Amino acid sequence: MGSGAKRRVGIAALTGVALGVLAGGAVHAADRAAVTGVVMPEGYREWVAVAPSHRTDKGHIRMMLANPKMVNAYRAGTLPFPDGSVIAKLVYEAVKSPTWDGAVVPGEPVIIEFMVKDSARFPQNKGWGFGRFAPDGTPRGDEALYQTCFPCHQAQVSDTDYIFTHWAP
Ligand code: HEC
């Protein structure tokens, strides 16, 4: 094989690697979507706290954060929440503080859930799309699990647009 041919083989191999990386990236992005199509939103950890919740039955501390659109609606008392609203529920083990007796603090992260308001995409749930993810962003839950989300929210809190959490002043 002449040096020209070698170079061409080399370039072909490099191109193959580059394409492989691109294809891998694309597959990876699709992998991040829950079966409902809801994807873990970028930057959710920068959102504003709506309120915490302490589930004594499960031994969890939950922290609800909302994106700016939803925070504005909360503050203005706007119901139903407008399209583009997103609320996150970050679930942690509730553990005794190692540094202060009597304080219960977030331990290991357990799960992260989202509700995304998009009336065109999720008309079956009055506009809400549901997503559940491991703390590393891996989607969790099958169709059967997602069948349970809206009915529980609907049964309990239909008068607050299916959202449990109230704004903590
Ligand atoms: C059996 C009832 C029930 C089911 C089923 C349920 N939830 Fe909830 N959800 C709650 C309660 C109660 C809260 C209030 C906050 C808390 O967990 O302490 C809540 C809160 C939330 C919140 C924060 C917004 C809010 O309403 O306060 C999100 C996001 C959420 N759930 C997502 C989901 C997803 C995703 C599923 C399905 C995989 C799901 N939920 C299934 C009861 C339920």
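Numbers at a glance
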| item | result |
| --- | --- |
| Which listed residue, of Phe150, Phe164, Phe114, is of a type outside the set (Ser, Thr, Tyr), in a strand (DSSP E or B), modelled with pLDDT of 95 or more and under 21 Å from Asn67 (Cβ atoms) | Phe114 |
| Those residues of segment 105-142 which are within 11 Å of the ligand (Cβ to nearest atom), in contact (Cβ under 8 Å) with a residue 60 or more places away in the chain and more than 10 Å from the chain's Cα centre (by Cα), in sequence order | Gly129, Arg140, Gly141, Asp142 |
| Matching option when the condition is more than 10 Å from the ligand (Cβ to nearest atom) and over 19 Å from the mean Cα position of the chain (by Cα), among Val95, Val71 | Val95 |
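The values are calculated or read from the model by the stated rules, or taken from the named source; none is laboratory data. Every value quoted in this text rests on a predicted model; they were computed, and no experiment measured them. We place every Cβ from the backbone using ideal geometry, glycine too, and count neighbours over all the protein chains shown.
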